[in-house]
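Here, each number is a calculation from the coordinates, and none is a lab measurement. Source: prediction; values computed, not measured. Cβ sites come from the backbone with ideal geometry, for glycine too, and all protein chains shown count toward neighbours.
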Amino acid sequence: MKILVLGGAGKIGSAVAWDLAGDKEIESIGIAARNDKSLEKMKSWIASDKLAVHILDIADASATRRLMEKYDVAVIALPERRSSYRTIEAAIDAGINAVDVLEEYHRRPDPYETENLEVPSGMSLDEYGESLHRRTMLQSLTEWVLLLASATLP
């Protein structure tokens, strides 16, 4: 299995990538972030031949989708809602299953925690969340939310 970790240079994303590197069933792990120095630091720390680094700006939807198409599963470890929802949309477009480990994605977005979430014109928050869910189901994909209470680097 090939797994892409978005936000892979952060504390949670790098811990996920480190853990995945020790799994014999994982063929390759991509870590994506905007900062090449942070990515190289994580690559050195994880020290696995399975690892590939990708400089990526999540705001570039087509680049995000193209990168996701190279992997089987996406792990989203991004720190704010707008980026997480952009990434969920790209995952749906790429036809890839995704898990949000920081619980930024919600099927029904919380109106008090939108953090600059970009909702399509003419849609309510609930309608937007449901539209993403419907698109996911139509493609037989899964969008998971996994809440990690805490994670620390070894």
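Estimated from the Cβ-Cβ distance and a Förster radius of 25 angstrom, the FRET efficiency linking Lys24 and Asn97 is about 0.75. Rounded to the nearest 20 debye, the dipole magnitude of region 2-145 is 400 debye, with +1 charges on Lys and Arg beta carbons, -1 on Asp and Glu beta carbons, and the Cα centre as origin. Peptides 76-84, 129-137, 64-72, 94-102 ranked from most to least packed by the mean count of surrounding Cβ atoms within 10 Å: 76-84, 94-102, 64-72, 129-137.
The Cβ shell under 14 Å around Asp36 holds other residues with a net charge of +2, Lys and Arg each +1, Asp and Glu each -1.
Label positions at Glu69 and Ser48, each projected 7 Å from the Cα along the C-beta direction, are separated by 2.6 nm. Other residues lying with their Cβ under 15 Å from the Cβ of Ile55 contribute a combined charge of +2, Lys and Arg counting +1, Asp and Glu -1. Volume per residue of the convex hull around the Cα atoms, evaluated for region 2-145, comes out as 98 Å³. Placing a label point 7 Å from the Cα of Ile55 along the Cα-to-Cβ direction, the residues of region 14-40 whose backbone N falls under 20 Å from that point are 14, 30-40. Which one of Ile26, Val16, Leu117 has its Cα pushed farthest toward the positive end of the charge dipole of region 2-145, where Lys and Arg give +1 and Asp and Glu give -1 at the Cβ? Positive-end residue among those listed: Ile26.
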